[in-house]
Amino acid sequence: MDFLNALVAFVNFVGVPAIAYGSQLAIGALGVTLVYSVLRFSNFAHGDTMAFGTMITILVTWWLQSLGVSFGPLPTALLALPAGIAATMALMLFTDRTVYKFYRAQKAKPVVFVMVSLGVMFMMNGLVRFVIGPGDQRFADGERFLISARDFKAMTGLREGLAIKTTQGITVITAVIVVALLFWFLNKTRTGKSMRAYSDNEDLALLSGINPERVVMYTWLIVASLATIAGVLYGLDKSFKPFTYFQLLLPIFAAAIVGGLGSPIGAIAGGFIIAFSEVTITYAWKKVLTYVLPESLKPDGLVQLLSTDYKFAVSFTILVIVLLFKPTGLFKGKAV
Amino acid sequence: MSDTVKTSLLFLFVGVLILLEGSTNALFFSGSWNSALLILNMGLVSAIMALGVNLQWGFAGLFNVGIMGFVALGGLAVVLVSSAPTPGAWSQGGVGIIMALVMGAMTLVAAIAVFRMMEPGKLRSVVMIAVLAVGFVVYRAIFDPSVAGVEAIDPALAGNLGGLGLPVLLAWPAGGLLAAGAAWLIGKTALGLRSDYLAIATLGIAEIIIAVMKNEDWLSRGVKNVIGLPRPMPYEVDLQNDAEFVAKAADYGLDPVLASTLYVKLGYSLMFTVVLLVLLWMAQMALKSPWGRMMRAIRDNEVAAEAMGKNVTRRHLQIFVLGSAICGIAGAMMTTLDSQLTPGTYNPLRFTFLIWVMVIVGGSGNNFGSVLGGLLIWFLWIKVEPMGLLLIETITAGLSDGSAVKAHLLDSAAHMRLLTMGLILLLVLRFSPRGLLPER
């Protein structure tokens with residue numbers, strides 16, 4: 001029984017949050033990796049793209065709520081999501097037309113693109129703060145829990161409860177759907193295949209009649225959807241704050257690089273690796289250990305390896321270790 | 001127009017902006033000399049940071065986005081060097097903390113030694129992990145009680161180790177040294193990675209440095225801030241009580257309060273200008289020397305430079321350390337100016353990316369350009385807010401006073417800053433990619 005309690009405590013405090021957080025990171029990292037493989041630069045504006053998409057979704061959610069529309073037990077934000085995606089797509093295409101296209105025509109070095117994306121990052125960050133303000137916004141509504149800790153305890157008779165928030169369930173389901181759709185698109189459709197061809201070998205792709213502007217356009221459309229979905233899921237699960245989204249850049253990049261920049265599977269694996277390490281290393285293990293260990297070995301302290309504020313340090317250390325030992329990432333990405 | 005004339009004219013322009021800020025309150029200027037000197041002082045500090053970044057990016061092409069971390073380390077140096085030691089802190093646990101840190105470092109060294117000495121294989125991994133695990137447990141066993149001991153001392157006022165109680169000006173070179181040390185460690189591991197990876201690596205390290213300063217209360221009091229750090233200039237109140245000073249101020253027709261505030265700020269301006277000029281002179285000499293030419297040769301073509309027998313990685317490490325040290329000095333100067341260390345206020349947008357805007361706008365590769373960029377962009381950073389307010393007031397003049405749109409727009413004017421900085425960066429990159437003062 002103690003072992004079961006330990007397991008439930010572990011799943012409740014480590015497993016469930018890490019899976020949800022990992023899915024959010026994975027979708028974010030997919031966006032970074034797509035930009036990297038097709039447009040060949042690290043997009044520093046990705047965090048703020050997520051913030052922009054989420055902001056539009058929140059605004060539409062508020063509007064729907066004011067009309068009295070709701071989605072039953074599910075958060076209203078899911079209804080508003082398509083609007084957020086559409087707005088972000090428009091913004092991405094606009095940015096590409098006005099900013100990135102010029103440098104593409106010039107065949108500028110990747111580092112110039114990175115610099116330009118810094119400028120875009122500033123502008124988007126400013127735009128988001130301008131419209132919605134720098135403060136914290138919560139916009140999750142509907143049913144709060146799929147299973148609450150109390151119900152779980154009553155159901156199983158265990159001392160430890162297992163709570164799964166609705167948002168966590170939605171995150172995982174959405175992530176599975178999004179990833180399946182993305183892989184179907186990349187592997188089965190004509191446009192997806194031309195995107196992969198373009199990313200593998202630009203010259204050959206051009207030679208076989210692939211229109212580069214079309215590939216770039218589709219990439220931005222997909223990146224916009226991925227960024228918005230990742231942002232909305234993160235915002236539903238935790239809360240929305242422009243600065244937090246900017247800071248998400250670090251774990252997202254860590255996930256993409258650990259998995260191998262340019263590799264979609266790597267991005268997903270990287271997201272979960274980063275999420276699980278962050279959560280396990282900053283979790284206080286006392287509760288789990290008291291169940292498993294015999295009385296005499298009971299821990300005195302919290303058995304927390306690092307305080308939660310060091311979660312950046314965790315993703316970063318993994319990043320450095322991977323870069324030192326396997327510079328192309330776990331799933332052979334590409335190095336330009 | 002020759003380069004010298006252009007440079008002088010642009011500097012003159014910034015000078016006039018600052019003079020206008022002090023003398024007139026038309027448009028967005030405030031007409032306060034205090035505000036003008038405040039802008040000038042932070043502008044000088046920013047110019048020094050930009051000089052450091054220019055050394056790394058303009059000379060060597062290293063993409064460092066961890067400036068915030070080095071600046072913060074410089075600030076930490078001020079606390080460690082100049083604040084008074086907390087009584088009893090060393091006996092309560094200071095020694096233990098140092099021992100624990102040495103243990104931690106030794107663990108890492110041992111792990112690296114195992115990695116280097118043993119044959120690759122499963123055994124090596126197991127031994128390495130065992131060394132790390134044992135080292136970590138021992139480290140925490142010494143570290144935790146010592147930290148608890150130090151943090152228990154008068155937590156409302158101290159709770160940290162304090163410093164050495166040395167003169168605060170010594171903290172400036174010390175800040176440089178601390179940042180240089182950190183840069184050496186970072187450079188050893190991260191240089192040699194591709195430019196994008198170096199960027200991510202430095203971005204992450206800066207966040208970690210800030211996290212350490214926010215959480216390790218024994219070191220920097222964390223988010224409780226260290227206030228009342230010693231100042232190189234006298235306090236305004238003391239000046240106002242000084243009969244001689246008041247009499248002198250009266251001679252110039254100034255009231256004592258205004259005179260004392262201006263006197264202190266001018267003192268800082270002078271000190272900062274001296275440091276800036278010395279560093280600028282050094283950077284200029286370095287640029288013109290064979291060493292500077294070698295750096296630019298490496299930047300422009302690493303392979304060719306390597307073929308000429310230049311050790312690219314070592315030169316990169318060298319210039320990375322030097323540039324970071326300059327940022328550390330600037331950070332120490334900034335903390336001295338504020339006479340407080342507030343780890344919670346370090347924000348990458350302000351301390352990393354804004355410095356990048358300065359370097360790019362000024363002209364990467366040109367030292368004078370960085371200084372110009374530092375002063376000009378800092379002026380804009382402060383003044384964009386009143387400018388934005390002015391702009392929005394003009395635009396919304398037609399709207400009725402009570403309308404929600406107008407109220408929201410006026411409230412949001414404060415956020416124009418980031419938008420404008422991004423716009424400036426994009427415009428410069430697009431239409432004048434070499435900046436206001438291009439590299440010669």
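The values are calculated or read from the model by the stated rules, or taken from the named source; none is laboratory data. If you're wondering where the values come from, they're calculated on a predicted model, not measured in any experiment. Here the Cβ positions follow ideal geometry from the backbone for every residue, glycine too, while neighbour counts run over all protein chains shown.
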For helices (runs of 4 or more DSSP H) lying entirely in the stretch B:1-82, having 2 or more residues that are within 23 Å of the chain's Cα centre (by Cα), within 29 Å of B:GLY222 (Cα to Cα) and in the same structural domain as B:THR342 (by TED's automatic domain parsing) picks out B:33-54, B:67-82
message = Going residue by residue through the stretch B:207-230, is there one that turns out to be under 30 Å from A:PHE253 (Cβ atoms), outside any loop (DSSP other than H, G, I, E, B), in contact with a Leu (Cβ under 9 Å, 6 or more places away or on another chain) and of a type in the set (Val, Ile, Thr)?
response = yes
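Select the helices (runs of 4 or more DSSP H) contained entirely in the stretch A:225-325, then report the ones holding at least 3 residues which are aliphatic (A, V, I, L, M) and under 21 Å from A:VAL14 (Cβ atoms).
Working: elements: A:242-247, A:249-259, A:264-282, A:286-292, A:311-325.
Correct list: A:249-259, A:264-282, A:286-292, A:311-325.
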Restricting attention to the stretch B:336-353, the residues that are assigned to a helix (DSSP H, G or I) and either aromatic (Phe, Trp, Tyr) or within 14 Å of another protein chain (Cβ to nearest Cβ) (or both) number exactly 9
Scanning the stretch B:188-197 for residues that are in contact with a Phe, Trp or Tyr (Cβ under 8 Å, 6 or more places away or on another chain) and facing another protein chain (nearest Cβ under 10 Å), the one modelled with the highest pLDDT turns out to be B:ALA190
The correct count of residues that are buried (at least 17 other Cβ atoms within 10 Å of the Cβ) and either touching a His at 6+ places or on another chain (Cβ under 8 Å) or not small (Gly, Ala, Ser) (or both) in the stretch B:276-293 is 4
### Query
Out of all the residues in the stretch B:169-176, is one or more surrounded by fewer than 19 Cβ atoms within 10 Å (Cβ to Cβ) and at pLDDT below 75?
no
Inside the stretch A:25-72, the number of residues satisfying the requirement of being surrounded by fewer than 21 Cβ atoms within 10 Å (Cβ to Cβ) and touching a residue at least 60 places away in the same chain (Cβ under 8 Å) is 7
Exactly one of B:PRO438, B:PRO433 is within 14 Å of chain A (Cβ to nearest Cβ), farther than 24 Å from A:ARG129 by Cβ and surrounded by fewer than 21 Cβ atoms within 10 Å (Cβ to Cβ), and that residue is B:PRO433
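Answer yes if at least one residue in the stretch B:148-160 is in a helix (DSSP H, G or I) and within 14 Å of another protein chain (Cβ to nearest Cβ), and no otherwise. Reasoning before the result, please.
Going through the stretch B:148-160, the residues in a helix (DSSP H, G or I) turn out to be B:148-151.
Pick out the ones that are also within 14 Å of another protein chain (Cβ to nearest Cβ) and you get B:148, B:151.
Yes, the stretch B:148-160 contains a residue that is in a helix (DSSP H, G or I) and within 14 Å of another protein chain (Cβ to nearest Cβ).
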inquiry  = One residue is enough: does the stretch B:393-411 have a residue meeting the conditions aliphatic (A, V, I, L, M) and within 10 Å of chain A (Cβ to nearest Cβ)?
reply    = yes
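Within 14 Å of another protein chain (Cβ to nearest Cβ) and under 21 Å from A:ALA90 (Cβ atoms): is that true of A:PRO251 in this structure?
Numbers: within 14 Å of another protein chain (Cβ to nearest Cβ): yes; under 21 Å from A:ALA90 (Cβ atoms): no.
Against the criterion (within 14 Å of another protein chain (Cβ to nearest Cβ) and under 21 Å from A:ALA90 (Cβ atoms)), A:PRO251 does not qualify.
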Filter the stretch B:287-299 for residues that are without any contact (Cβ under 8 Å) to a residue 60 or more places away in the chain and part of a helix (DSSP H, G or I); the one that is farthest from B:LEU317 (Cα to Cα) is B:LYS288
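Looking at the stretch A:73-165, what helices (runs of 4 or more DSSP H) fall wholly within it and have at least 1 residues that are within 11 Å of chain B (Cβ to nearest Cβ), in contact (Cβ under 8 Å) with a residue 40 or more places away in the chain and under 15 Å from A:ILE58 (Cα atoms)? Break it down into steps so the answer makes sense when it comes.
Details: elements: A:77-95, A:101-106, A:110-132, A:149-156.
In the stretch A:73-165, A:110-132 are the helices (runs of 4 or more DSSP H) which contain 1 or more residues that are within 11 Å of chain B (Cβ to nearest Cβ), in contact (Cβ under 8 Å) with a residue 40 or more places away in the chain and under 15 Å from A:ILE58 (Cα atoms).
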Going through the stretch B:164-203 in order, the residues found to be over 14 Å from B:LEU73 (Cα atoms), touching a residue at least 24 places away in the same chain (Cβ under 8 Å) and in contact with a Leu (Cβ under 6 Å, 6 or more places away or on another chain) are B:GLY187, B:LEU191
The residue from B:VAL371, B:VAL384 that alone is closer than 19 Å to B:MET42 by Cα, within 12 Å of chain A (Cβ to nearest Cβ) and in a helix (DSSP H, G or I) is B:VAL384
Residue count, the stretch B:292-323, condition in contact with a helix residue (DSSP H, G or I) (Cβ under 8 Å, 6 or more places away or on another chain) and more than 21 Å from B:GLY43 (Cβ to Cβ), comes to 21
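Can you say whether B:ILE326 is buried (at least 23 other Cβ atoms within 10 Å of the Cβ), within 14 Å of chain A (Cβ to nearest Cβ) and either farther than 30 Å from B:LYS6 by Cβ or among the hydrophobic types (A, V, I, L, M, F, W, C) (or both), as far as the supplied structure shows? Full working, then the answer.
Values: buried (at least 23 other Cβ atoms within 10 Å of the Cβ): yes; within 14 Å of chain A (Cβ to nearest Cβ): no; either farther than 30 Å from B:LYS6 by Cβ or among the hydrophobic types (A, V, I, L, M, F, W, C) (or both): yes.
For B:ILE326, the condition - buried (at least 23 other Cβ atoms within 10 Å of the Cβ), within 14 Å of chain A (Cβ to nearest Cβ) and either farther than 30 Å from B:LYS6 by Cβ or among the hydrophobic types (A, V, I, L, M, F, W, C) (or both) - is not met.
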